[in-house]
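Below you'll find the structure, written out as structure tokens, and then a few comments.
The values are calculated or read from the model by the stated rules, or taken from the named source; none is laboratory data. Bear in mind that the values here come from a model prediction, so they are computed numbers and not experimental data. Note: ideal-geometry Cβ built from the backbone for every residue, glycine included; neighbour counts use all protein chains shown.
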Amino acid sequence: MRETRQALLIEDDLTIASLMLELLRGLGFDARHAARREHAMVLARDARPDVIVTDLMAVGGPKEAWSNVEQLRAWLGGVPILVVTGHAGAVAEGQARGFAVLTKPFDLEEFEQAVGALIDR
């Protein structure tokens, strides 16, 4: 059994990714980053994360993003996923699909609480 929890961050904005990686590491995760879904699939296969944090648009365009997030969850056997998005209209759809959704901009405490809630499930 591994001691350190694994997190995978999928975020195409490097400035935001850098901040979220530091937050995840501060929460005790060994956090890895991918800018796109394809790279994330490789990292997820190798690391088998305990939680995934993904920007909605980093996993696909507006039409396929939610189905791509659902495929990622199914492929990883139900790993908890936190979806972050700048599109407030996406919150209701994400929640209806069973995802935790955090709207950008968010503060550090909101992010930490959202990730913590996923791990505590």
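Within the set A88, A44, the sole residue that is hydrophobic (A, V, I, L, M, F, W, C) and part of a loop (DSSP other than H, G, I, E, B) turns out to be A88.
For the range 62-75, the criterion of being in contact with a Leu (Cβ under 7 Å, 6 or more places away or on another chain) and either among the charged types (D, E, K, R) or surrounded by fewer than 19 Cβ atoms within 10 Å (Cβ to Cβ) (or both) is met by no residue.
Per the listing T15, T4, the residue uniquely polar (S, T, N, Q) and touching an Asp or Glu at 6+ places or on another chain (Cβ under 7 Å) is T4. The set of residues in the range 81-121 being within 18 Å of L8 (Cβ to Cβ) and acidic (D, E) consists of E112 alone. Of all residues in the range 66-115, exactly one satisfies the criterion of being over 20 Å from L21 (Cα atoms), among the acidic types (D, E) and more than 14 Å from the chain's Cα centre (by Cα), namely E93. Residues in the range 73-93 that are of a type in the set (G, A, S) and either at pLDDT 95 or above or closer than 20 Å to A40 by Cα (or both): A74, G77, G78. For the range 42-58, a residue qualifies if it is within 18 Å of L102 (Cα to Cα) and of a type outside the set (A, V, I, L, M), and the qualifying residues are T54, D55. Among the residues of the range 1-25, the ones that are touching a residue at least 40 places away in the same chain (Cβ under 8 Å) and either over 18 Å from M57 (Cα atoms) or among the charged types (D, E, K, R) (or both) come to 8 in all.
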